[in-house]
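The values are calculated or read from the model by the stated rules, or taken from the named source; none is laboratory data. Every value quoted in this text rests on a predicted model; they were computed, and no experiment measured them. Ideal geometry is used to build each Cβ from the backbone, glycine not excepted, and the neighbour counts take in all protein chains shown.
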Amino acid sequence: MAKYWYGKFKENRLKGAGPDLSAVTVSCVFIDLTLYTPNAATDEFLDDVPALARVGTPQAIGSKTFALGVFDGANLAFPAIPAGNALGAYIVYIDTGDEATSNLMLYSDDAGTDLPFTPSGAPEALTWNGSGIAAL
């Protein structure tokens, strides 16, 4: 199981680049790992993830907090996820509305009991770990 910050996101943050995360939309989408092999070193924008690998309607993370290096937010409720292959991961990204400029932030295939799951066409929930979405 893996959870990591994408390398380009970390690089930009260390250089002081990028928006104030409390002031932008940060979204999450489920990933079909049979259609996407993540590369933490080179993947930078949402368009680096094949569209077919992104399953369901991305959801914005509300009630974002950033305390002592821990990123957290409200749990997510996804509307009906189309039936298909097992979904084994999710990606969190800065949602600019343009795939070519939406920065990938975080990849995770470690969500406790929520992942993996096989969608049946019903709504799905993503419940963050009690210690937050991720820590730097």
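Take the range 20-40 and flag every residue that is in a loop (DSSP other than H, G, I, E, B) and either exposed (fewer than 13 other Cβ atoms within 10 Å of the Cβ) or of a type in the set (S, T, N, Q) (or both).
Asp20, Thr25, Thr34, Thr37, Asn39
Within the set of pairs 6 or more residues apart or between chains, which connect a residue that is within 16 Å of Pro82 (Cβ to Cβ) and of a type in the set (Asp, Glu) inside the range 115-134 to a residue that is surrounded by 15 or more Cβ atoms within 10 Å (Cβ to Cβ) and modelled with pLDDT of 90 or more with Cβ atoms less than 6 Å apart?
Within 6 Å, the pairs are Glu124/Phe78; Glu124/Ile81.
Quick check on the range 88-114: of everything there that is aliphatic (A, V, I, L, M) and either touching a Pro at 6+ places or on another chain (Cβ under 6 Å) or in contact (Cβ under 8 Å) with a residue 60 or more places away in the chain (or both), which residue is farthest from Asp32 (Cα to Cα)?
Filtering first and then ranking leaves Ile94.
Is it the case that the range 52-72 has a residue that's touching an Asp or Glu at 6+ places or on another chain (Cβ under 6 Å) and in a helix (DSSP H, G or I)?
Scanning the range 52-72 turns up at least one residue that is touching an Asp or Glu at 6+ places or on another chain (Cβ under 6 Å) and in a helix (DSSP H, G or I).
Given the criterion more than 16 Å from Ala135 (Cα to Cα), among the polar types (S, T, N, Q) and in contact (Cβ under 8 Å) with a residue 60 or more places away in the chain, identify the matching residue among Thr34, Thr25. Let's see the steps before the verdict.
Numbers: Thr34 fails: in contact (Cβ under 8 Å) with a residue 60 or more places away in the chain.
None of the others qualify; the one that does is Thr25.
If you check Gly56 against the conditions, is it crowded, with 18+ Cβ neighbours inside 10 Å, in contact (Cβ under 8 Å) with a residue 40 or more places away in the chain and among the small types (Gly, Ala, Ser)? Break it down stepwise before answering.
On the way: crowded, with 18+ Cβ neighbours inside 10 Å: yes; in contact (Cβ under 8 Å) with a residue 40 or more places away in the chain: yes; among the small types (Gly, Ala, Ser): yes.
Criteria met by Gly56.
Test Ala74 against the criterion of being out of contact with any strand residue (DSSP E or B) (no Cβ under 7 Å at 6 or more places or on another chain) and under 23 Å from Gly130 (Cβ atoms), and give yes or no. Can you show your working first?
Details: out of contact with any strand residue (DSSP E or B) (no Cβ under 7 Å at 6 or more places or on another chain): yes; under 23 Å from Gly130 (Cβ atoms): yes.
Yes; evaluated as a whole, the condition is true for this residue.
Looking at Phe66, Phe71, Phe45 in this structure, which one is closer than 20 Å to Ala17 by Cα, surrounded by 12 or more Cβ atoms within 10 Å (Cβ to Cβ), of a type outside the set (Gly, Ala, Ser) and in contact (Cβ under 8 Å) with a residue 60 or more places away in the chain?
Only one candidate qualifies: Phe71.
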